[in-house]
Structure formats: structure tokens, C-alpha cells
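The values are calculated or read from the model by the stated rules, or taken from the named source; none is laboratory data. On a predicted model such as this, the values are computed, not experimentally measured, just so you know. Quick reminder, even Gly has a Cβ in these numbers, built from the backbone with ideal geometry, and neighbours come from all protein chains shown. Ligands, DNA and RNA are stripped out before the accessible areas are found, and what is left, the full protein with its side chains, is counted by its heavy atoms. Shrake-Rupley method; radii C 1.70, N 1.55, O 1.52, S 1.80 Å.
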Amino acid sequence: MHVAACKEFYANLTVSISEKKEAARSCVRGAKIELDGMILAGILSVPGNNEICEYIKDIWEEGKYYKPLEITKKFANNDLITVARRVKSTEMKLFQRFLHFIVMKNVAPRFGKRDTTNFMDLTYMDHLLTRRLVNLPRVMLKHMTYVISVENHELSYGDWLIMVFEAFYVPLVDKLGEEPKSYDCFEETFLTICQLRRIDGVWWLGTSENRRRDDEDEALTENIQNEEVENEEQNDQEDLD
């Protein structure tokens, strides 16, 4: 992350928000930057025409694609819960905590501990888990509005802003920030424990390809068991003969 450039970007940032569109303007080292969802999607090479872009803070109401109470039960792993609420990390399974980290560091980055989710976290954790396509550029622009509205917020999306700066020819002369800490990195062993499977260099969970391979593994196991039974029956017959 180019810290000085990011600070200047947020210091000069203005964002206008309507029901269907967000627009951001800033200036970094003399270069004017104008963004909306589609422009940002093109820069980041991600989809930008999806409708899922909720920005949830203190009120968590039922949406088109999610039900807060059901999400709470799912990530707290407790069907007896009767009221939608935040979920603590101690209530979540390991893979669910991994999803929380992804959302907390990439979808709506912020300072804070990882031991408790907020409503925004839980909603996007559910979107990820159910593989709903999210309009990340619009979420980013909404979150940028929040970043400049509060004091001492972290410089969100620092790594992705490098791509924005390059697209608008911002001169980047300052040094990059520190490398990620060890606790911000995930090794293959951890991902495997989370029941993710690596297929052709990509990590997957719950995909049709995984299901196909699981079916193949199950079929292979069944064949081995059948062969063992047949061999035992054949041995028993030979003993009788």
C-alpha cells in the first residue's frame, strides 16, 4: 500500500450516493480521479452490474437474499436462537472464522478485533458461503463514504487503490507499506483444515467439481468394500468345498 497516496486520496475524497449509483471524486498528486461502480469494476476486473451491494450498519432488516435470524443461527451454529444478533468467533466453526476474516479485511476493511462479527460481516459471509455474486465496487464506494465520515478509520482498500492510482496515472514515488503480518496469512495446511480442496491451482468449497470428486471417492470406497465382501464370500465357499 502506498500510504501517503492513500492518505491524500481520502483527504480529498467526496462521494455522492443515490439509490442506484455511487460516484467518487478525489485528487492525488495533481491527478484527478473520478469513479463510479462500473469504472471501478473495469479497473479491478470484477463484475459491476450485480444488485447485491447492501451497506449495513446498526439496523439489520430482512433483505431480498437473506434473513438475519437464519444467518445468526447458521454462523452461531445454534438453532435455538430466537433473535438476530452479532456472533462471537467462539461460536463459529474454523471455516466460518476464515470467512469473517476475508470480509473484515477485504469487503469492508476496518480496525478492530476478530472476536466478534457485525451485521455487515454476517451478511457478506452468508453471500460468500452461498456463492451469491456481489457488486464489490459499489460496496467499496459506500464504505469509502463511511471511512471519511469518522475519525481514525483505517485506510481501507490500500492494495486495490494502487490499481486505481495506476489507471489515473498518479505518480507513485513513496515506498510500499509493510508486508502482511504472519497472522494475516493462511498456509495450505490451514486451508485444508477448513475443508477447502485445491483443484487445478484453485481452492474450492462445496462446488459441483468437489461434489463430483466426493462422489468418485465414495464410489471408489464402495467398490473396495464390495470387492472385500466378494473375496470373503469366495474364501468361505472355497472352505466349504
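Being closer than 30 Å to A31 by Cβ, among the hydrophobic types (A, V, I, L, M, F, W, C) and in contact with a helix residue (DSSP H, G or I) (Cβ under 6 Å, 6 or more places away or on another chain) is true of M163. Restricting attention to the range 147-161, the residues that are touching a strand residue (DSSP E or B) at 6+ places or on another chain (Cβ under 8 Å) and not β-branched (V, I, T) total 2. Candidates in the range 123-151 are the residues that are without any contact (Cβ under 8 Å) to a residue 40 or more places away in the chain and more than 16 Å from the chain's Cα centre (by Cα); of these, the one that is most open to solvent (accessible area, probe 1.4 Å) is E151. Inspect all residues belonging to the range 55-78 and state whether any of them is hydrophobic (A, V, I, L, M, F, W, C), touching a Lys or Arg at 6+ places or on another chain (Cβ under 7 Å) and surrounded by fewer than 19 Cβ atoms within 10 Å (Cβ to Cβ). Checked against the condition, which is being hydrophobic (A, V, I, L, M, F, W, C), touching a Lys or Arg at 6+ places or on another chain (Cβ under 7 Å) and surrounded by fewer than 19 Cβ atoms within 10 Å (Cβ to Cβ), the range 55-78 yields no hits at all.
Of the residues screened, E8 is not one that is within 16 Å of E166 (Cβ to Cβ), among the charged types (D, E, K, R), modelled with pLDDT of 90 or more and part of a strand (DSSP E or B).
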